[in-house]
Amino acid sequence: MSTDISAQMKKLSQKLRSLEEQREVLDKEAEQWVKKRDRVHRQIKDMRREAAALRERRDAVNTEVKLLKTQRNHMRALIKGKRDETRQTKEKLRLLNTKKPNGPIDALRDEKADIEWRIQTTPLTLQEEKPLVRKANLLARQLNICETIASTKEKIGNLQKEALELNEEASLSHSQLSELAMQSQELHEKMIKTTETAMTFQTEADTYHQNYLQSRQKAQEVHREFLRVKKEIKGLEDESKKSREGERRLRDEEARRRLKAEVLKRLEEGKKLTFEEFKLISEDNA
């Protein structure tokens with residue numbers, strides 16, 4: 001091997017080792033970027049799963065909120081209906097009170113009963129009976145007004161009680177509604193925050209992935225240079241091998257030439273030749 005080729009091969013071998021070390025460093029670097037990227041991807045997956053769970057819970061709460069709103073609005077409509085009916089009934093009571101007879105209702109009942117008993121048990125002429133019948137009818141109308149007033153007052157009381165109960169129920173529904181609305185808002189804010197955090201992590205993961213691609217690209221470039229240098233070394237080795245083989249052939253030919261000269265000299269001196277020696281000079285003369 002020539003000194004020049006040997007020096008080139010030594011230099012290229014050093015470069016090959018350096019490239020191999022660089023490639024290993026870049027491969028390890030790429031592996032680290034992949035690990036970081038995959039770790040962040042797992043975190044993103046967990047956060048997206050959490051955001052989906054928060055969205056599901058928020059939607060369930062919103063569904064309940066809508067139901068409570070419907071119930072609350074229905075109760076408010078009922079309350080309004082009760083209050084409207086109460087006002088109408090009070091107006092009716094006011095008109096009835098203008099027709100209310102004087103005196104207690106028990107006295108009116110007793111007086112009506114006395115008149116009816118008298119009509120039924122006392123022989124009366126038509127002239128005597130007519131004013132008694134008119135009086136009984138008047139008392140009946142007055143009693144009916146009193147009874148209507150009493151039932152109207154009772155109805156007003158019942159309406160007010162029902163309106164109060166409905167109002168309490170509506171207040172409870174409204175309180176529950178406010179609490180659920182606040183819960184829905186909190187869930188929504190958590191979902192948004194988790195989603196935004198996942199997006200931030202995605203940016204981080206994308207950066208890691210880009211770093212991985214860059215490391216892989218550099219590693220591939222180094223690997224291509226590694227293969228080129230290895231090929232160049234192989235070319236020098238082949239060239240060196242051919243050179244050594246050429247030198248060996250020259251040495252063999254020189255040795256054969258000297259041997260032939262010695263054999264020919266012995267032949268000229270009349271010395272006996274071996275079969276191999278005879279064959280040697282015969283082949284050359286063939």
Could you check segment 118-177 and list, in sequence order, the residues that are under 60 Å from the mean Cα position of the chain (by Cα) and among the polar types (S, T, N, Q)? Asn158, Gln160, Asn167, Ser171, Ser173, Ser175, Gln176
Candidate set from segment 79-123 (those that are surrounded by fewer than 12 Cβ atoms within 10 Å (Cβ to Cβ) and β-branched (Val, Ile, Thr)); member that is nearest to Ser173 (Cα to Cα): Thr98
Contact list, first residue from segment 260-272 and among the hydroxyl-bearing types (Ser, Thr, Tyr), second anywhere and exposed (fewer than 14 other Cβ atoms within 10 Å of the Cβ) and in a loop (DSSP other than H, G, I, E, B), beta-carbon distance below 8 Å, six or more apart or interchain, is none
Qualifying positions in segment 40-52 - of a type outside the set (A, V, I, L, M) and surrounded by 14 or more Cβ atoms within 10 Å (Cβ to Cβ): His41, Gln43, Arg48, Glu50
Among the candidates Ala7, Ala60, single out the residue that is loosely packed, with under 12 Cβ neighbours inside 10 Å, in a helix (DSSP H, G or I), of a type in the set (A, V, I, L, M) and without any contact (Cβ under 8 Å) to a residue 12 or more places away in the chain. Ala7
Subset of segment 225-281 [β-branched (Val, Ile, Thr), surrounded by 12 or more Cβ atoms within 10 Å (Cβ to Cβ) and over 60 Å from the mean Cα position of the chain (by Cα)]: Val263, Ile281
Just wondering, is there one or more residues in segment 187-206 that are acidic (Asp, Glu), loosely packed, with under 15 Cβ neighbours inside 10 Å, over 36 Å from the mean Cα position of the chain (by Cα) and in a helix (DSSP H, G or I)? no
State which residue is surrounded by the most Cβ atoms within 10 Å (Cβ to Cβ) when the search covers only segment 10-25 and only residues that are within 41 Å of the chain's Cα centre (by Cα) and without any contact (Cβ under 8 Å) to a residue 40 or more places away in the chain. Val25
As an exercise: evaluate Asp38 against (1) within 30 Å of Ile149 (Cβ to Cβ); (2) assigned to a helix (DSSP H, G or I) and give the number of the one condition it does not meet. (1)
Looking at this structure, is Ala53 at pLDDT below 95, part of a helix (DSSP H, G or I) and out of contact with any helix residue (DSSP H, G or I) (no Cβ under 6 Å at 6 or more places or on another chain)? no
Here are some residues: Lys28, Lys36, Lys66. Which one is basic (Lys, Arg), surrounded by 16 or more Cβ atoms within 10 Å (Cβ to Cβ) and modelled with pLDDT of 90 or more? Lys36
Of the residues that sit in segment 117-128 and are more than 21 Å from Ala107 (Cα to Cα) and not β-branched (Val, Ile, Thr), which one is modelled with the lowest pLDDT? Leu124
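The values are calculated or read from the model by the stated rules, or taken from the named source; none is laboratory data. Computed from a predicted structure; not experimentally measured. A quick note on method: Cβ atoms are made from the backbone with ideal geometry, for glycine too, and the neighbour counts reach across all protein chains shown.
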